[in-house]
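Asker: Sharing a structure with you now.
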Amino acid sequence: MKIIIAAAAALSLSISNTFATSQDDSFQKVAHDYVEQYLQANPEQATELGDHRFDGELTDYSAEARAKDL
């Protein structure tokens, strides 16, 4: 009986890990995309954080850029 309970527990854990992994992957993609867009829109902040891909660029404070952010 203990073997059956242990096998059922192991099976349920492996199934729940499969679902968690796909959700984790989805969250990681959303988080990565958000950070990338934030750093592109705020190049000074990117430089302060050590990301030098946007060195030499300034944040666009034009009316068009602000409207796009809303």
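Asker: In the stretch 41-56, what residues are surrounded by 14 or more Cβ atoms within 10 Å (Cβ to Cβ) and either closer than 24 Å to Leu70 by Cβ or among the charged types (D, E, K, R) (or both)?
Answerer: Selection gives Ala41, Asn42, Pro43, Ala46, Asp51, Phe54.
Asker: Among the residues of the stretch 57-70, write down those that are part of a helix (DSSP H, G or I), surrounded by 10 or more Cβ atoms within 10 Å (Cβ to Cβ) and among the charged types (D, E, K, R).
Answerer: Those that are part of a helix (DSSP H, G or I), surrounded by 10 or more Cβ atoms within 10 Å (Cβ to Cβ) and among the charged types (D, E, K, R): Arg66, Lys68.
Asker: If a residue has to be modelled with pLDDT of 95 or more and charged (D, E, K, R) to count, how many in the stretch 15-47 make the cut?
Answerer: Adding up the residues that qualify gives 4.
The values are calculated or read from the model by the stated rules, or taken from the named source; none is laboratory data. If you're wondering where the values come from, they're calculated on a predicted model, not measured in any experiment. Backbone-built Cβ (ideal geometry, glycine too); neighbour counts: all protein chains shown.
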